[in-house]
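Have a look at the structure below before the remarks.
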Amino acid sequence: MTAITEPEAELLAHFEHTIDRDQRLEPRDWLPEGYRRTMIRQIAQHAHSEIIGMQPEGNWITRAPSLRRKAILLAKVQDEAGHGLYLYSAAETLGADRADLTDRLINGRQKYSSIFNYPTLTFADVGVIGWLVDGAAICNQVPLCRSSYGPYARAMIRICKEESFHQRQGFELLMTMMRGTQGQRDMVQDATNRWWWPSLMMFGPPDAESPNTEQSMAWKVKRHTNDELRQRFVDMSVPQAEVLGVTLPDPKLSWNADREHYDFGAIDWDEFQNVLRGNGPCNTQRVAQRRKASEDGAWVREAAAAHARKKAQGDE
Amino acid sequence: MAFDNAYEALGEYTDDSRWAFGTGFDEPLAGVDTTLPAGVDGAGLAAYCLMLGDDALIMSHRLQQWCTNAPELEDEVALANIGLDLIGQARLLFARAGKADGSDRGEDHYAFFRDEREFRNVRLVETPNGDFAYSMARLLVFATWRLALLHRLTTSADQVLAAIAAKGVKETTYHRDYAAQWVVRLGDGTEESARRMQIGLDAVWPLVEELFHRHEIEHSLGAAGVAVDPTGLRAEFDAVLDQVTVTARLRLPETAALAGVSGRTGRDGVHTETFGFVIAELQSVARAHPDATW
């Protein structure tokens, strides 16, 4: 407990020194309140995204058109529940509480990734989510394996490995569908048309309008800007779309030899802001579903706690 | 920056071996000797495999419907695990059926292209999920019965069925344990949970007796040492249910069995009204694209 008696300036110097040397901060370390709050917000929103993200794909488990695809999809959605669990646990190392974070989610006080406010309309959406949405998530998340907060960085290593697996499964589903019937190819193109722009929005607002980027980069809890990551994603996606044989829905997409990057059309940031404000196609439905599961399960959790107390008393 | 990110590697078009599980997908029983044991009726064996496979497939379907609805994240993971195990069991049993009946039809034919009346599952697995208490009572009944059955099936004269059963025993042991733990927690939890748990157990009980009826196929294959006679499972089932309900401070119900139609029930393809909706949901995409490959 010597940490408490040290003057704050010295603690802060130690904290900054740890970050400067690219070392990890651990739960036992003194952390500035702002850093702690930022990390809880970042990790909780990531956890919420995993849990809300189970819904759009979960929508197709019972209808998956082959037993192999059904098993793959159920296992994937199960992995997302597992990611939520690790991440809530990482947030708990900062003093947060899982039940409290869930309350914040269902009361709208904490956010989750806007992408999950779009509907999954055909089975091809399962593949396109794997390819583009998990692909964009990986671009965002791989740098977080070097986050300055140790428990988060370690959780991200495992999560990124599983996400990569999901993403390849999604791409493989799309390749199979593109080799199938015309009806299947049409489904893949339609799903690509619907998910492409929302996937680009997953990297967040343009750098000039990103309120938290500067501080997060200084603390090394964020490693690249939104626009840098978005450009990388576009550059990687174009050749993949060619391999698949789908057209990305952007007539302005073209190679710029001077920049050595693809140019792309303007993103509709009004749509992004509208979804962020809660007015996307599925915002209400997603939160209502999470709230219902939480409320319907309250008596079960209370019973488990009561039973555990009885057992503990019996064991004394 | 190249290749520090798995996404980047996707477009590298080499060959299909980069997919962890391959794209040239093998049947679950590929490479296994599926010759019928001497004197065993292939059509009968296929019908038996469909009974056990349909039980697994439909039970899994109901568990899949818990996804994103479970009371806690740990249970999301657990219920998905059990659902996955059961899909795996169904796939192996359907593959065995396709070899045994000589048709060489694949697993997906049996899951997606049979009509409602051709399914041979017991009615227990098809009823709607109800609340968590009903679902746990149903899972306890199902897993206890199935574990007893699979245990005996490990010595089946059909080596393939015996091997499928041996794999299933390990899985089903966990399913039974998971359900039993919840029945105890809920039965001996709060007043509300005890009330719900008793109601759930009472509601599932009329579907129990059907599990121990011997179908004529089980009778004939049983004589050949291939199938398990379900009438012989009741004592083990009762002993487990007694132990769990006593620990959970619940009463074992004494309700009458749910009648069939002229004595015919799930094993005869006579199901409940709700089953058609299960099949419609399960098969909708596959049937909309009958020429597709997935």
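Rounded, prolate or oblate for chain A? Axes are the square roots of the Cα gyration tensor eigenvalues, ordered a ≥ b ≥ c, and the cut-off for rounded is a/c under 1.5. Walk me through the numbers on the way to the answer.
On the way: a/c = 2.09, a/b = 1.27, b/c = 1.64.
Taking the square roots of the gyration eigenvalues as a ≥ b ≥ c, chain A is oblate.
Computed packing ranks the peptides B:75-83, B:35-43, B:192-200, B:52-60 as B:52-60, B:75-83, B:192-200, B:35-43, most packed first, by mean other Cβ atoms within 10 Å. Under the convention that each Lys and Arg Cβ holds +1 and each Asp and Glu Cβ holds -1, the size of the dipole of the protein assembly as shown around its Cα centre is about 800 debye. Apply the a/c threshold of 1.5 to the C-alpha gyration tensor of the protein assembly as shown and tell me whether it is rounded, prolate or oblate. Taking the square roots of the gyration eigenvalues as a ≥ b ≥ c, the protein assembly as shown is oblate.
Compared with the dominant principal axis of the Cα atoms in chain A, helix A:33-58 is inclined by about 40°. Separation of segment B:193-221 from segment B:75-121 is 21 Å, based on Cα centroids. The mean count of C-beta atoms from other chains within 10 Å of the C-beta of residues in B:281-289, rounded to a whole number, is 5.
If you sort the three axes of the alpha carbon gyration tensor as a ≥ b ≥ c, you get a/c of 1.5 or more for chain B and a/b no higher than b/c, which makes it oblate. Averaged over peptide A:68-76, the number of partner chain Cβ atoms lying within 10 Å of each residue's Cβ comes to 6.
Just to verify a number: FRET efficiency for residue A:252 and residue A:273, C-beta to C-beta distance, R0 = 22 Å, to 0.05?
Details: r = 21 Å, r/R0 = 0.97.
The computed FRET efficiency comes out at 0.55.
Between 0 and 90 degrees, the angle of helix A:150-178 with respect to the longest Cα principal axis of chain A falls at about 20 degrees.
Enter the angle in degrees (range 0 to 90, nearest 10) between the Cα long axis of helix A:67-92 and the first principal axis of the Cα atoms of chain A, meaning the one along which they spread out most. In chain A, helix A:67-92 runs at an angle near 30 degrees to the longest axis. Counting only other chain Cβ atoms within 10 Å of each residue's Cβ, the peptide A:294-302 averages 6. Based on alpha carbons, the Rg and Dmax found for segment A:54-130 are 14.7, 44 Å.
Read-outs throughout are calculated quantities, based only on the coordinates presented, and are distinct from any laboratory measurement. Everything numeric here is computed off the predicted structure, so don't read it as measured data. Note that we place each Cβ from the backbone using ideal geometry, even for glycine, and neighbour counts take in every protein chain shown.
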